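The values are calculated or read from the model by the stated rules, or taken from the named source; none is laboratory data. It should be emphasised that the depicted structure is a prediction, and the values quoted were computed from it without experimental measurement. Here the Cβ is made from the backbone with ideal geometry for all residues, glycine too, and neighbour counts use every protein chain on show. The protein model used for the area step is the full one, side chains on, heavy atoms only, and it has no ligands, DNA or RNA in it. Shrake-Rupley method; radii C 1.70, N 1.55, O 1.52, S 1.80 Å.
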Amino acid sequence: MKCHGLGHLLVILFTVPALPGCSDDETADWTTDGRPDGVLPVGPFEIPVTLPDCDEHDPSVRLIQQDSDWEDINSEDYRIFCVAPGNYGAVEPRLALDGTAEAPRYLRYYNPADPTDDRHPAMQGEAERAIIGGMRVTDARYWVVDGLTITGDWERVLFEESSDHNVLNRVLLDNAAVVVRHGAHYNTIQNSVLRNAPKSPNSDRVCMVLSGSNDDQNVVIRGTRILNNEIYDCTDAIQAYRVDDSTHGIDFGGTIIDNNDLYLTDGMYTDCNGNLDPQGACACAENAIDLKAAGTGPDNIVVVSNNRMWGFKSTDTACGGTGSGGAASVVHMTARYTLYQGNIIWDSPRAMTFINDHHTAIDNLIYSVRRDDEKGTAIYPEGPNCEIYRNIIIDSDRWVAAYGNAGDYRCNVLIEAGRNTAAGASLQADYNFYYDAEQMALPGTHDIVSEQAVDGMHTERCFQVRPWTGPEEICIPNGAPTDSSPHAGACDPQLGQRPNVGVHDGLW
């Protein structure tokens, strides 16, 4: 069987697919759901975690109740480490011993006074948490870390030196970050809360970063999965990093960023002069997702899917970040081959920016993208060879800034979505549906155009956000089509037919 760049539905704990470069005898059993073979994985992507019991009579179990107990963390005598509530803030354990796919090593929360307590640490009181000051995973494989709290003076969880197939599950990182370095593959961060990066003038404090900062070699970090998390009040919630003057290659292929809530609260807003102001026009932050490097080809892509992003504003460098116009997501520098599918973005001056080539934005819902100068832009594909398909854009200054050449824009629904910029060279557009929205510079012969927003016959779309610190229901007016919508069933049946455009050459 041919090997591909992303994985299949996970049905066995720690089963992770191979990436390009695998031999013929390494199989990758894909589920493509009718899509082009070898192009897209199908979720769910979450690693199933079943925690072992903390039976003190089991010789493989080590109960941690005081700082000195952590000295056994790499002892081969134990495989299950159960951490009682307490503040072990001076402890930063280094995990350096392997588990296996069949018998992972566990570092888990356990309350002897209430063994059934399985609450997320974000929902626990301070005295109920098991708190450590940081953690290094160094040349270690198959660990599951669950239910702990990591906090301190900008502490870190660090994956380095061939640390593969590890899972952070239901972890609270408060004033802390997760850093994945070169050579650490197939690690998963899921069901966790990462929040409250320190405000630092003219500098970045990113809460989840793939680090391509090594100038001495090509940097490869494959198969990272960032799933079902809340990440908020960070300079960037998630960043795939590359130094500005780096000349080496960076490969983050196989990264999946799925079903996260990435946002800012009003505690990050300022008056644009360094003074906190919950009603301010700027923020001590930059982006929800900042990809400076990504995939390398159609069989080795980065997937950003089903996330919710909101609340971003232009950066106030006097309190945080090196500068951004407030795009919820930006794909730039050398980042290529990304798929943005099924995301919901609102309340930001720009939703998605694509600077380089071979990106696809499909099935995204974008709402209320506005700026004071009326130049808020939902999708900004400045690079060439981008596909913009089946997106719904509502109540925004501009639905697209179509500067990129050789793009393909089809089947988008624009409701009160504003005007558009002139089209780049060789851009093709058709089957777009305008309801109180201006047609772009290349109108298609199959477009639907109406001066009334209500003619789109949409209804509101409601969904839940902040599962660990909320929850809260958000409803977007006109966010969902109905069977009565004039464009229902009107999309181009050959969507994706233009070769060498977008993330792959298959039909959607």
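Of ASP372, ASP153, the order by accessible heavy-atom surface (1.4 Å probe, DNA, RNA and ligands excluded), from most exposed downward, is ASP372, ASP153. In the context of the full protein assembly, ASP316 retains an accessible surface of approximately 10 Å², using a probe radius of 1.4 Å and ignoring ligands and nucleic acids. Note on SER324: accessible area is roughly 30 Å² with a 1.4 Å probe, heavy atoms of protein only. Taking the DSSP bridge list for the stretch 257-325 and keeping only pairs wholly inside it, about 35 percent are antiparallel.
One equal scatterer on each Cα of the stretch 211-355, no solvent, Debye formula: the resulting log10 I(q)/I(0) at q = 0.08, 0.10, 0.22 Å⁻¹ is -0.21, -0.33, -1.29.
A Cβ-based charge dipole, computed about the Cα centre of the chain with Lys and Arg at +1 and Asp and Glu at -1, lands at about 740 debye.
Please state the relative contact order of the stretch 223-317 as a whole percent: Cα pairs under 8 Å, 6+ residues apart? RCO, the stretch 223-317: 36 percent. Largest first, the residues THR322, THR315 sort by 1.4 Å accessible area into THR322, THR315. At the residue level, TRP508 shows approximately 50 square angstrom of accessible surface with a 1.4 angstrom probe and all protein chains present.
Annotation: amide H-H contacts under 5 Å for ARG129 (H modelled 1.01 Å from N, sequence separation of 5 or more, or interchain): GLY86. Within a straight-line Cα-Cα reach of under 15 Å, LYS375 can be paired with the following aspartates and glutamates, leaving aside sequence neighbours fewer than 8 residues apart in one chain: ASP347, ASP395, ASP397, GLU416, GLU438.
Counting charges near VAL501 (Lys, Arg +1; Asp, Glu -1) among other residues having Cβ under 12 Å from its Cβ returns a value of -2. Measuring spread by the Cα atoms of the stretch 171-254 yields a radius of gyration and Dmax of 13.1, 36 Å. Candidate cross-link partners of LYS292 among the aspartates and glutamates, defined by an alpha-carbon separation under 17 Å and a same-chain spacing of 8 or more, comprise ASP204, ASP215, ASP236, ASP244, ASP245, ASP251, ASP357, GLU382.
Computed on the chain, with alpha-carbon pairs under 8 angstrom and 6+ residues apart, the relative contact order is 8 percent. Restriction of the GluC sites (Glu not before Pro) in the stretch 124-179 to DSSP coil positions whose beta-carbon has at most 16 other beta-carbons within 10 angstrom yields GLU161. Kirkwood-type hydrodynamic radius, the stretch 293-346: 12.8 Å, calculated from all non-identical alpha-carbon pairs. For ILE64, the amide hydrogen comes within under 5 Å of the amide hydrogens of CYS82, VAL83, ALA84, counting only partners 5 or more places away or on other chains and with H modelled in the peptide plane.
In terms of its C-alpha gyration tensor, the stretch 317-387 comes out oblate, because a/c is 1.5 or above while a/b does not outweigh b/c.
Percent of C-alpha pairs per 5 Å bin in the stretch 389-508, short distances first: 2, 11, 19, 21, 17, 13, 9, 5, 2, 0. Scanning residues 5 or more positions from VAL220 or on other chains, those with amide H under 5 Å from its amide H are GLY183, ASP251, with H placed 1.01 Å from N in the peptide plane.
Of all DSSP beta bridges confined to the stretch 409-500, the antiparallel ones make up roughly 40%. Placing unit charges on each Cβ (+1 for Lys and Arg, -1 for Asp and Glu) gives the stretch 396-508 a dipole about its Cα centre, and among THR445, LEU507, GLY418 the Cα reaching farthest toward its positive end belongs to LEU507. The mean sequence separation of alpha-carbon pairs under 8 Å and at least six residues apart, normalised by the residue count of the stretch 426-488, gives a relative contact order of 28 percent. Sorting LYS292, LYS375 by solvent-accessible area of protein heavy atoms yields LYS375, LYS292, largest first, with a 1.4 Å probe.
When DSSP beta bridges are restricted to pairs lying wholly in the chain, around 10% turn out antiparallel. Near ILE415, once Lys and Arg are set to +1 and Asp and Glu to -1 for all other residues with Cβ below 15 Å from its Cβ, the sum equals -4. In plain terms, the C-alpha convex hull of the stretch 112-155 casts an average shadow of 4.2 nm² when viewed from every direction. Quotient of the Cα radius of gyration of the stretch 31-171 and 2.2 N^0.38 Å, N being its number of residues: 1.14.
The orientation-averaged shadow of the Cα convex hull for the chain, equal to a quarter of the hull surface, comes to 23.8 nm².
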